[in-house]
Every structure is written in C-alpha cells, then in structure tokens.
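This report refers to the structure that appears directly beneath it.
We did not get these values from a lab; they are worked out from the coordinates using the rules stated. The shown structure was predicted, so the numbers you read here are calculated from the model rather than taken from an experiment. Methodologically, a virtual Cβ is constructed for each residue, glycine included, from the backbone with ideal geometry; neighbour enumeration extends over all protein chains shown.
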Amino acid sequence: MSRPRTLRIDRITCTGQGLCAELLPELIALDEWGYPVLKDRTVPDRLRTHARRAVAACPRLALHSDRGRP
Amino acid sequence: MTLLALTGGPLWYASRAGGTLTLILLTATVALGIASGGRAVPRGVGRFEIGLLHRNLSLLTLVFLAVHVVTAVLDPFVHLGWAVAVVPFGASYRPLWLGLGTAALDLLLAVLVTSALRRRLGVRRWKAVHWLAYAAWPLALFHSAGTGTDTRLPLQLWLYAGCLGAVVAAVWWRLAKAGPGRVPGRLVAAVAATAVPVVLGAFLATGPLQPGWAQRAAATTVLLGGGR
Amino acid sequence: MNSSATARLTTRHLAAAPGAPRLLADWYATGRPAALADHLGRHGPPPVAAAVGGRGSMPLVEAVEAAGLSGRGGAGFPTARKLRAVAERRGRAVVVVNAMESEPASRKDQFLLHVAPHLVLDGAVLAAAAVGADTVHVCLPRDRSAQYRRLSAALDERRRARVDRVRLRLHALPHAYVSSESTSLVRWLNGGPARPQGSPPRTHERGVGRRPTLVNNAETLAHLALIARHGPDWFRREGTPDEPGTTLVTVSGAVAAPGVLEVALGTPLATVLDHAQGPAQPLRALLLGGFAGTWLPAAHQDTPLTRRDLAPLGAAPGAGVLIAVAGPVCGLTETARMLAYLAAHSARQCGPCHLGLPAVADDFAALAAGRADPGLLSRLRRRTGLLADRGACRHPDGAARLVASALHTFPDDVGHHLTRGACPAAHQPPRIPVPPATPPERWR
C-alpha cells in the first residue's frame, strides 16, 4: 500500500491509561504499572485501521503514528 | 398545572422533550467523563469502550440539543429569534434562565470544536477547553430548572435528583480511587460537588417551586446582559 | 561530588598520556590555567571569518566533517551533522555550551574549563559563526560556584578585549543528573524546568526562543576550535581512521593517580589505566562511562577505547569515565548504590522511569543486601529489560545498561548473594563515591 507508518509514544504525556493496548494488542502491551510497551513500532498494513483507532482513542494524545520508518 | 403544561403546539412539546433528553444525556456524558478520567476502571469493562461511550453520548447530546434549540426558536409561543441560540442573556423570554442554557450551548460547542481539532491543538489546550464542559453541566441544570415548563412535576424533580446524584457519585468515586497528590484540584472538585446540589436545592425551594415563578422568571434580567 | 577530588584533579600535574596532548597541551606546558593573553599568544584569535562561508559553502562544517569529530558528551553523534542541521534551518540560531557534566564520576569538562576556558569559548564562538548564531549560552550547574566565577571572569576578559562578535551568556542551572540532557538545557533556557523534553520538535528545529539551537558538549567545542585552526588532517593524526582525534578521560577508582587524561581514541583501556599509574591490586572490573555506563570484566581491559571496539561488549566511550575496581569489592553493592542515586534523579516525567527505575533499584538493593526472594532475579531482568527506550531521555537506558552489565560482570557475586546472602566484601566501605540518593530539590 502506501508509505509505512510507525508508532511513537510521547512518554512525558502518557499517563498509562491503557486504551492503546486494548485497541492494538498486536503491537502494544502494558507493563506492570499500566504503561505501554511497544512490541513493534512499524504498523503492518493489516493493522492500519486498528492503529488509527488506538491513536484516536488515547485520552492524553500521547500515541502518534508517524509517516515513515523509525 | 397539567393544563398549563398541555398548552402550546407540537414544537413546544418537542422542545421540552429535547431539552430534558439533552440534560439526561449531558449528565451521562459528564458523569462518565469524570469517572473515567482517573486510572481506575471496573473489571470487565474496556477503557476504550468507556471512551467511545463518552464520545458517542456527547455527540448524541448535541443532536438532542440541536432539536431542543431549533424547536424552541421555531415555536411561535415565545418569539426568540435565532440570535438567542448563540448569544446568551439576550432573550425576551426569561432572559437569565434562558441565557444560562445559551451559555451552556456555547461552551459545549467550544468543547466540540476543540475535540475535533485536538490533535492539532495539543493535549494541554484541548484539555483546558474540555474543562469548560464541567461548567456547562450546572449551567444546563439551572437553565432547565429555571426555564423548564415541567420543573414542578414530581417526575421532573426526581430526574434532577438523579442527574445530581449521578454526577456527584462520579466525582466521589474518582476522588476515592485517585492516588496522592493534586490536593488543590481535588478540594475544588469536592467542594463543587457538594455546592451544586445544595445551591440547586435552595434555588428550587425558593424559586420555581414557589407560586408566581413564571412572573418572577420573566422579570429577572441580567444587569450586564440587558434583557429586552 | 566531593570538592577534594576536584581540587586534586585540577592541581596535579599529570604525565602526558599516549599521543601528543591537544586540549591539555598548554596545561602540560605551563602547569597553570591559560588566561586570555596566554591563550591568544599561543593560538591567536578564533578564525571566525574563515569559518563563515558564502552561498552553499560552509568551510568550518566541512572541516569538522572531514576531521570526523564526534560529540564528546556521551552520545558520540557526528558533530558536523549537528552543525549542518542547525545551519540549514531558517532564522538566527543559538549555540548552547553544555558544561553541566552531571555524571558524578566525570571531571573532564570541569577540568578543561578550568585550564583552557578560552579554547571551549573559541569553539562556541566558531560554531556560532558556522551556524549563523548571534548568542552563545554557557550552561553550568548551580552548585559549582567557583567554576562559575572563573568562567564569568574569562567572559569578562573576552568582552574587554573585544574578541567576539556574538553575545556570550553564562547560566547556572539546577544540578540534577538529567539536567545535563540537551533538551533539559533548552527547556530551562526557555523558562521551564531543567528536565528533558523528549518528543519533537527537535532542538535543532526549534530550541531556545523557538530558534534553531545547537547544543554541544564543552570538550567537543574545544576540539572544534582546534580543527578550525589546524585543519582536519592535523586532527586525524591521532586516533583511529574511523574515530579520529583525542578525548578526555576521567580515571578514578583503584588507581594511584586518579585524574583527567587526554588520550588518543583507540588507546587500550589498560594503557589509560597505566597512565593513571594503574591499579595497585589485581584489577577486578572496569566501569566505563560512569553511573549510566557499562561494567567490563578485567579480561576486557585491553580493548581499545573506540565505539567500534566497545560496541560488541555493549559498552561505549561515553563521556570518557573510567573507574577501576580492584581487590575485594562487591560489584553488586557498588552498583546498588549507584542505582539508588540514578533512581532518585529520575525527572519523574515518564511512567516507565518514574516507577520502573525505583523498582529496579529496590530489587537490586535486595540482591546486594542478600535478601533475595526466589523470583527476584527473573523479575529484575524483566523490569530492567523494560527500561530501555521507554523514556523521553536516555536516563532509564543508562540505568538498564548498568544493571545488565553488573549481572554479567559479577556472576560469582550474584550466585553468592542469591544462595548464601551478602558476600563478605559487601560490608566493606564503598569504593565508588556516590552522591546522596535524594531527589533534586529544584528543577528551575
């Protein structure tokens, strides 16, 4: 498809609400304090919609999906 | 009482029903927003589900708010005009109490616009405006009590009590689940959650539930607003 | 940390290390700090005009690129790329001299600024000319008041002699481990707390006063000042082809003559130790890079000091801190104390660092004290693995490196502490001086 997208977390803004891991468990897990662990930064095409939903759902706007590779 | 409520055309009914539904939906949105703002969440519910519910309820609130406003303006019984829908305290009909509703509408519109643009604004500016939603809720409540044709119906009073209870419960739940820190903010929340029911109760007892409210409400003008 | 160590470093006349000294050449020649007159007499005024090119040409940036200079603050980023990135942005740029040196075991920037302040300032002024900056901010930690006074006097000297066309300003910042991070400096200069910023926009895009900002370590700028005068070929005469030049190293621990040395990159670690008159007892391990660095078993002491040779060992030259540990020492106890300090100095902005780092430090303290529960080691490894790359700055990454390398370098100690409780050496007085593990009082 088009250019790849990569996930980025603004660690200062993130407060560990955990919505991203619920919506995108394929790429995001949570640590024992509820903060996200990126399993893979690159968003595969099949998960693109889910990634977009996860980005939109973050109540702190801390999850970003940037154009291009990491 | 009942006779009074039955006068007026279908638009008047639609406006009253729309307003009441808006209040219920706004209460649900606000209560959900307050309760889910902290980190605690009940088991078995997804955080994202609460987030989506909050968003969808807020959009539904605006739909019914639009119905409420459009029908009220179109209704021939009170000649309001379109400006009243957005400019607070300028109405010919119960200017103060209607103005509160207009102010709440403006605040909600600001919240809607900033939420749509939140990625561009950044989280701080977005959240700063989002706090206005907290102010919109009591405004809507007092607008409803002060203007509402149905305020004196027992069912309507129970509804107000339910709305108050939901929001106050949400505040206390969030405060109870919150960790340490941010003492000033939590004090403000606790005081506000206590003050709103007390003030509303006192207002209802002295205002709308006393005889002659219709005349007094119509006469209440805002000093700076200049009612017609 | 303790002033006696600093005093010793600045008064001792160390023997010259392998390779001809450059930054410290005047110091070795005269044995006293260079005043402006000494400096100008030896080096002449900074060749600012030659640094500024015309359209499309950037002579100094090209010279630095040809010289292959990399940052000496720890990250080792190519200096020319940084210069170019700032120079290519629109608008007046700003240069920030990072002389925070918050690493407790490092003294090299303090020492360099003491003995050759004008070399560093020349570098800053030349870099400013190269990137089109009109202001240079020199950032020092607030608690080094003597250094502040000396540098302030050096700036006055330059002002009176009308050496520079750019504005030079001295700042005293709150001293926390993470306030030496480049984004911390920018944030503080913009009126905020001296805490790392992280996310985009990058400093070179929008830094101090929203202007393109070049942040460089003090030593890096001193090298740049010499490259501007002597050219890239001269710079490449020392060091390795991949990593040319010399670097300052702070050697401490079990050596007879701890201090700051200038060595060519590629010098074997053991040779560096020899020049600090070596360990009196058999070497047990080396801590390279300081508190956020890497433990190396003594067997690796012949590794050359280059990024390329150290990378397979998970280490890097960093800011040139080398601590020798010899004799009966408990590596876990020493590490636990450093970790407690690092955890206390988290900026408390990012959850993984704010919560994860103290948890790791507590686990490690339990291990060092011989109070390990059965699940401790696997929990410690898991939590350590979750520190790296999950913060706005590299503070948690450094702590994770320290933990992982300690577990790898001291397997006997780990075994002893897990099975039989704390080893006898754990009760010895600490070998590596660690500042108190209390959170920084102020960020502004």
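How large is Rg/Rh for the range C:246-326, to two decimals, with Cα atoms and a Kirkwood Rh?
Working: Rg = 10.9 Å, Rh = 12.0 Å.
My calculation puts Rg/Rh at 0.91.
Would you please calculate the Kirkwood hydrodynamic radius of the range C:331-427 over all C-alpha pairs and express it in Å, rounded to one decimal? Spell out each step's value before the answer.
On the way: mean 1/r = 0.0762 Å⁻¹.
Result for the range C:331-427 stands at 13.1 Å.
What is the mean projected area of the alpha carbon convex hull for the range B:42-159, to one decimal in square nanometres?
Numbers: hull surface 36.8 nm².
Averaged projected area of the range B:42-159's Cα convex hull equals 9.2 nm².
Using only alpha carbons, build the gyration tensor for the range C:38-97 and give me the equivalent ellipsoid semi-axes, biggest first, whole Å.
Semi-axis lengths for the range C:38-97 are 20, 17, 13 Å.
Other chains' Cβ within 10 Å of A:56-63 residues: what's the mean? Don't skip to the answer; put the middle values down first.
On the way: counts 6, 6, 3, 12, 3, 8, 2, 0.
Taking all residues of A:56-63 together, the mean is 5.
Given 20 °C and 1.002 mPa s, how large is the Stokes-Einstein diffusion coefficient of the protein assembly as shown in µm²/s, with Rh as the Kirkwood radius over Cα pairs?
On the way: Rh = 30.0 Å.
Taking Rh from Cα pairs, D becomes 72 µm²/s.
Given R₀ = 25 Å, what would the calculated FRET efficiency be for C:A29 paired with C:D274, taking r from the Cβ atoms and rounding to 0.05? Don't skip to the answer; put the middle values down first.
Numbers: r = 23 Å, r/R0 = 0.90.
Efficiency for this residue pair is about 0.65.
Ranked by Cβ crowding within 10 angstrom, fewest neighbours first, how are B:H130, C:H204 ordered?
Working: B:H130 18, C:H204 22.
Going from least to most buried by this count: B:H130, C:H204.
Treat the count of other C-beta atoms within 10 Å as a stand-in for reagent exposure and order C:S199, C:S106 from fewest to most.
C:S199, C:S106
So what's the Cα pair-distance distribution over the range B:40-82, bin width 10 Å, in %?
Per 10 Å bin, starting at zero, the Cα-Cα P(r) for the range B:40-82 comes out as 25, 28, 20, 15, 11, 0 percent.
To check my understanding: the extent here is largest minus smallest coordinate of the Cα atoms along each principal axis. What are those three numbers for the range C:21-235, in Å, largest first?
For the range C:21-235, the Cα spread along each principal axis is 45, 44, 31 Å.
Principal axis lengths of the range A:5-67 from Cα atoms, whole Å, largest first?
Projected onto its principal axes, the Cα set of the range A:5-67 covers 29, 19, 16 Å.
For the range B:88-211, max minus min Cα coordinate along each principal axis, in Å, sorted largest first?
The principal-axis extents, from largest down, are 48, 34, 22 Å.
Name all residues of the range A:26-70 having a backbone nitrogen under 14 Å from the label point set 7 Å from the Cα of B:R119 along its Cα→Cβ direction, giving them as ranges.
Taking a point 7 Å out along Cα→Cβ of B:R119, the residues of the range A:26-70 whose backbone N falls under 14 Å are A:48-59, A:61-68.
Based on the Kirkwood radius over alpha-carbon pairs, what value in µm²/s does the Stokes-Einstein equation return for the translational diffusion coefficient of the range C:18-69 at 25 °C and 0.890 mPa s?
Details: Rh = 13.3 Å.
This corresponds to a translational diffusion coefficient of 184 µm²/s.
Most exposed first by the Cβ proxy, i.e. fewest other Cβ within 10 Å, how do C:M338, C:M58 rank? Could the numbers behind the result be given before it?
Working: C:M338 27, C:M58 21.
Starting with the residue having the fewest Cβ neighbours, the order is C:M58, C:M338.
Under 10 °C and 1.306 mPa s, how fast does the range B:2-219 diffuse according to Stokes-Einstein, given a Kirkwood radius computed over C-alpha pairs? Answer in µm²/s, whole number. Provide the component values of the computation, followed by the final result.
On the way: Rh = 18.3 Å.
Roughly 87 µm²/s, to the nearest whole number.
If you count, for each residue, the other Cβ atoms within 10 Å and average over each peptide, how do B:122-129, A:33-40 line up from highest to lowest? Show your work: numbers first, answer last.
Details: B:122-129: 14.6, A:33-40: 17.8.
In decreasing order of mean packing, B:122-129, A:33-40 become A:33-40, B:122-129.
log10 I(q)/I(0), Debye, Cα-only chain C, no solvent, q = 0.07 Å⁻¹?
Taking Cα atoms of chain C as identical point scatterers yields -0.33.
Whole angstrom only: what separates the Cα centroid of the range C:166-228 from the Cα centroid of the range C:117-138?
Result: 13 Å between the Cα centres.
Sequence-distant or interchain residues sharing an amide H contact under 5 Å with C:A133, placed H: which?
C:A93
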